[in-house]
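First the structure, in the form of structure tokens, and then the observations on it.
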Amino acid sequence: MALVGRRSPLPDVQLVHGAFEAHAHRTPNAVALTSGADSLTYAELNARANRFAHHLGSLGVGPGSVVGVCLDRVAELMVSILGILKAGAAYLPLDPTYPRERLRLMLTQLDQVKFTIVADATAALIDQAPGETLLVDTLTDRLDPLPDTNPDVAMRNDDLCYVVFTSGSTGTPKATAVRHSGWYNLLEWLRLEYRLGAHSSGLSVSSFGFDISQRGLMAPLFVGATLHLLPSRVFDPRMAYRLLGRHGVRTLHCAPSTLYVLIDQERAQGADFMTRVDHVFIGGEPLNVARVQEWATKAGNTCNLLHQYGVAECTDVASSHELRDYSRYRSGPVPVGPPVYNTEIRILDDDLREVPDGEIGEICISGASVSAGYLNAAPDDTLRFTEIDIDGAPVPIYRTGDRGHLTPAGELVVAGRLDAQIKIRGMRIDLGDVEHAVRGLVSVRDVVVLALPDADGERSLVAFVVPAGNLFDQGTVRSELAAVLPRNMVPQEFVAVPAFPLNPNGKIDRRALSANFRGNRTTTVRK
């Protein structure tokens, strides 16, 4: 049995920024964006983005180009993103919370990136990266004389709109290229399925480099609502919660871990800002129902929680389930729902044949959600984008590497990974990527990284390290890793071991490491 999303017609022109331009024409004086004390109307944001697009066009940026964006959550972030899209190019989010070495590694993977947009506050993060930087703080005099009208750029629905990096097992991140048609389909599904409109204001709280952030940034502008940017480089739960109440925010796109801390803020402050949010779209990692059940089921809470599943390679969201039956979730897995519009999900075996109903296999996605693939793919990575025969016709699919099964009610249940990729606090991490970085340190002879439950039942990264002589110093290791890995990929705990246990096949016994972890706490050093 395949899960088939509702077939929904799309317009002939499926350019995401075109929906924003339509709202700028219809409701020019509506507030489009706030960031701290700053705000822009739709007309103002559109005019500034248009001038920026004309400037990019004069530099030769157009369809096929990829432009890096390394900015904090300020108005220039959305001016830059919209300007890049209007110029016909795709934007590459470069998270300013990432270390310089990680950003440099990302940029060196893409020959298409000739320009990267920075501000005074972020320029030093990529000062050694290839390509030219455009400093937004000094562009005012160049942009002011340019036209504020929408650029006339010939574009196609399958042109790229953004590129996001995912973790790679070889230590090299992979660049996933998303098409306008796929992103438009996702945002149009959100609009229609959940009746989003001008009232559906949103607050951007997730890390800029995270794929969930791209829809969190664009969805309000796609439906004519107000986007509120959290004016903090790192997530500040107290500030975020205050802004929910101050602006009467109605939609959130976040990982479960972010939802948990916002619920904790609600309890601590005795307010009801979260209960008045219309929709919280959660995804990126498994949901711990025990963390949300009491709040979600209390009297007067009208917030609708949507438990979603997806991967960056399929435009972020492939399916969605409305959380209702919490007692059932406590005793079994939480479904992630039927597919989004114009998308199909199949559970296949190793030979790409459908498994019997209810049996576990690999989750494979087809339809409008499937991206354009990787821009810097290794040969093994390209195999994930393949084809299967359906009724005598080849159908492109993406093999997610996730295990799952379909319920008789027509919903997807995710059962874990086929490989070493996991999700922690909403961010996809390849354990091999982390191991590659740790293994490259002079004080480390070998390492195994596992995702294990901490005292609160949440997964965290634990590095089992075989030191190289007496050189292993935990403080030095952490500082060295922080220079090359994002914070979420630096292990929370380190365990020094003389050697790794082996299973009968002669391979490292990861189960034994996990089972003995609590007994090794005396040699564990917490981050």
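The residues in the range 230-284 that are among the polar types (S, T, N, Q), within 18 Å of SER200 (Cβ to Cβ) and under 19 Å from the mean Cα position of the chain (by Cα) can be counted, and the count is 1. For the range 405-463, the candidate set comprises residues that are outside any strand (DSSP E or B) and basic (Lys, Arg); within that set, the residue that is surrounded by the most Cβ atoms within 10 Å (Cβ to Cβ) is ARG425. Where helices (runs of 4 or more DSSP H) fall entirely within the range 202-288, those with at least 3 residues that are farther than 29 Å from THR122 by Cβ and open to solvent by 10 Å² or more (accessible area, probe 1.4 Å) are at 256-269.
Scanning the range 143-160 turns up no residue that is open to solvent by less than 30 Å² (accessible area, probe 1.4 Å), under 12 Å from GLY68 (Cα atoms) and not small (Gly, Ala, Ser). The set of residues in the range 367-376 being out of contact with any Lys or Arg (no Cβ under 7 Å at 6 or more places or on another chain) and either assigned to a loop (DSSP other than H, G, I, E, B) or of a type in the set (Ser, Thr, Tyr) (or both) consists of ALA368, SER369, VAL370, LEU375. Scanning the range 319-364 for residues that are farther than 21 Å from VAL280 by Cβ, assigned to a loop (DSSP other than H, G, I, E, B) and either in contact with a helix residue (DSSP H, G or I) (Cβ under 8 Å, 6 or more places away or on another chain) or among the small types (Gly, Ala, Ser) (or both) returns GLY332, ASN342, GLY358. Screening ASP316 with (1) in a loop (DSSP other than H, G, I, E, B); (2) among the acidic types (Asp, Glu); (3) touching a residue at least 60 places away in the same chain (Cβ under 8 Å); (4) over 23 Å from PHE210 (Cα atoms) gives one miss only, at (4).
Selection of the range 464-501 for residues being open to solvent by less than 10 Å² (accessible area, probe 1.4 Å) and charged (D, E, K, R) yields only GLU493. Counting only residues that are open to solvent by 40 Å² or more (accessible area, probe 1.4 Å) and within 31 Å of the chain's Cα centre (by Cα), the range 122-142 holds 10 of them. Selection within the range 174-201: residues that are surrounded by fewer than 20 Cβ atoms within 10 Å (Cβ to Cβ) and either modelled with pLDDT under 95 or of a type in the set (D, E, K, R) (or both). The member of this set that is nearest to the chain's Cα centre (by Cα) is ARG191. Does the range 24-40 contain at least one residue that is closer than 22 Å to SER200 by Cα, in contact with an Asp or Glu (Cβ under 8 Å, 6 or more places away or on another chain) and either free of Cβ contacts under 8 Å to residues at least 12 places away in the same chain or crowded, with 20+ Cβ neighbours inside 10 Å (or both)? Yes, the conditions are met somewhere in the range 24-40.
For the range 161-170, taking the residues that are open to solvent by less than 30 Å² (accessible area, probe 1.4 Å) and in a loop (DSSP other than H, G, I, E, B), the one that is modelled with the lowest pLDDT is identified as GLY168. Restricting the range 484-503 to residues that are in a loop (DSSP other than H, G, I, E, B) and under 16 Å from ARG459 (Cα atoms) leaves a set whose member that is modelled with the lowest pLDDT is GLN492. Filtered by the rule that a residue be surrounded by 24 or more Cβ atoms within 10 Å (Cβ to Cβ), hydrophobic (A, V, I, L, M, F, W, C) and in a strand (DSSP E or B), the range 70-117 gives CYS70, ALA90, LEU92, VAL113, ILE117.
The values are calculated or read from the model by the stated rules, or taken from the named source; none is laboratory data. Quick caveat, the model's predicted, so the values are computed rather than measured. Quick reminder, even Gly has a Cβ in these numbers, built from the backbone with ideal geometry, and neighbours come from all protein chains shown. Ligands, DNA and RNA are excluded from the accessible area calculation, which covers all protein heavy atoms including side chains. Shrake-Rupley method; radii C 1.70, N 1.55, O 1.52, S 1.80 Å.
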